[in-house]
Amino acid sequence: MTMTARAVSDAGVPAFTIFTPTYNRAHTLNRVYESLREQTYRDFEWLVIDDGSTDGTAELVAAWQRDAGFPIRYIPLSHAGKHVAHNRALDEARGKFFVVLDSDDACVPTALERMLFHWNTIPSEQRALFSGVAGLCCDQNGEIIGDRYPSEPLDISLREQHYVYRVRGEKWGPDLTSILRQYRFPEIPGATFLPEGVIWLEIAKHFKMRCVNDVFRIYYQDDRRAGATLTHRKGLGDGAAGRLYYYIWLLNNDIEYFFRWPIPFIKAAVMLPALSLFAAQPIARALNSLTTPLAKALVILGLPASLSLYAYDKSCAWLGKGHDN
């Protein structure tokens, strides 16, 4: 173990908790396991939170626990969604850094080693300003997904990444567990899906990341196109309550960036009334929950398009049911 690695793990805790939420992904979970076995840096634990799987996931993980050579903890939950599993994982995590690795992905062999290297390049007197490190993802064929950072290291917040630099595509890396524990996902009754931006963009109000062009994660795009994700949506109304919460949050918290990049806010404004209807909530209630005149004006202007989207999605669902019969 290197001197820098010792500096992280002296407190008797692992440097990393790798958190994997899973729901009926026994057929892909081996990707995570095999990629963790190949890590060049070994001071980590794997925390698997099972969101109610019925496909033999428990037995699969139990077999790995006997042979892995690194700590694996398995915690079963009733099906409630990735955001609930994330909150539980933060309660259970023992590592200094927390890394979310989905159940249908993998990481490159040097991922943890390079994450720690880049964290240690941040001057010690500045680290209180940072939540973690962010790097690139590639697909299963080795092609970079999305944009590279325009320079490295680039020390920016996620909000700056999205709205100022407009760096698109999958990014991935560790965050300090102590910071993440201060930012929990809201657990909305009946909602099994909540966009992750609710948390990461909130953290970005207070912390920045060291962004680098190292590839850390392998993102299997074919499976996502086939719908093999933990919280895959089949229609506009799926996950409506959680998505409605997110778009209200976005319009209330990040609207200051509208004139830098208006597209995310126009989308949120157009989607909000339709999602209100799908979530069986009055549109007026959602409108009244917005805190700025600009956000309210965007929603009102987008109302005809939103109602058209709602009607179109409902008609497609009705025609689909009729075809199935």
Original post:
What dipole magnitude, in Debye to the nearest 20, does the chain give about its Cα centre under +1 on Lys/Arg Cβ and -1 on Asp/Glu Cβ?
Top reply: 820 debye
Original post:
If you wrap the chain's Cα atoms in a convex hull and average its projection over all directions, what's the area in nm²?
Top reply: 18.0 nm²
**OP:** Rank by packing, highest mean first: peptides 45-51, 133-139, 86-92, with packing defined as the count of other Cβ atoms within 10 Å averaged across residues.
**Re:** 45-51, 133-139, 86-92
Original post:
From the cross-link list 96/171; 205/314; 82/208; 96/208; 96/205, which pairs have alpha carbons spaced over 27 Å apart?
Top reply: 205/314
Original post:
P(r) of the stretch 60-155 in 5 Å steps, Cα pairs, percent per bin?
Top reply: 2, 8, 15, 19, 20, 17, 12, 5, 2
Subject >> residue 63-residue 196 FRET efficiency (beta carbon distance; Förster radius 30 Å; 0.05 resolution) >> reply: 0.50
Subject >> Taking 171, 205, 82, 296 and counting other C-beta atoms within 10 Å, the order from fewest to most >> reply: 205, 296, 171, 82
Original post:
For the chain, what does -39500 (n - 2.57) per DSSP helix run (n ≥ 4), summed and divided by total residues, give at 222 nm, in deg cm²/dmol to the nearest 500?
Top reply: -12500 deg cm²/dmol
**OP:** Compute the FRET efficiency between residue 284 and residue 30 as 1/(1 + (r/R0)^6), taking r as their Cβ-Cβ distance and R0 = 56 Å, and round to the nearest 0.05.
**Re:** 0.70
Subject >> If the convex hull is drawn through the Cα atoms of the stretch 244-312, its volume per residue in Å³ >> reply: 72 Å³
Original post:
How do 73, 168 rank when sorted from fewest to most other Cβ atoms within 10 Å of their own Cβ?
Top reply: 168, 73
**OP:** List every residue whose amide H lies under 5 Å from the amide H of residue 215, counting only residues 5 or more places away in sequence or on a different chain, with H placed 1.01 Å from N in the peptide plane.
**Re:** 136
Subject >> Computed over the stretch 3-225: relative contact order in percent, which uses C-alpha pairs under 8 Å that are six or more apart >> reply: 26 percent
Subject >> Phi-based couplings in Hz for the stretch 50-59 (Karplus 6.51, -1.76, 1.60; Gly and Pro marked x) >> reply: 8, 8, x, 5, 10, 10, x, 4, 4, 5
Original post:
When the Kirkwood radius is taken over all Cα pairs of the stretch 1-138, what Stokes-Einstein diffusion coefficient follows at 20 °C and 1.002 mPa s, in µm²/s?
Top reply: 137 µm²/s
**OP:** Would you mind ranking 131, 178 so that the residue whose beta carbon has the fewest other beta carbons within 10 Å leads the list?
**Re:** 178, 131
Subject >> Relative intensity, log₁₀ I(q)/I(0), of the stretch 26-68 from a Debye sum that treats every alpha carbon as a point, q = 0.27, 0.33 Å⁻¹ >> reply: -1.12, -1.42
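Coordinate-derived values only; no laboratory data. Since the model is a prediction, treat every value here as computed from it, not as a measurement. Don't worry about glycine lacking a Cβ; one is built from the backbone with ideal geometry, like all the others, and counts go over all protein chains shown.
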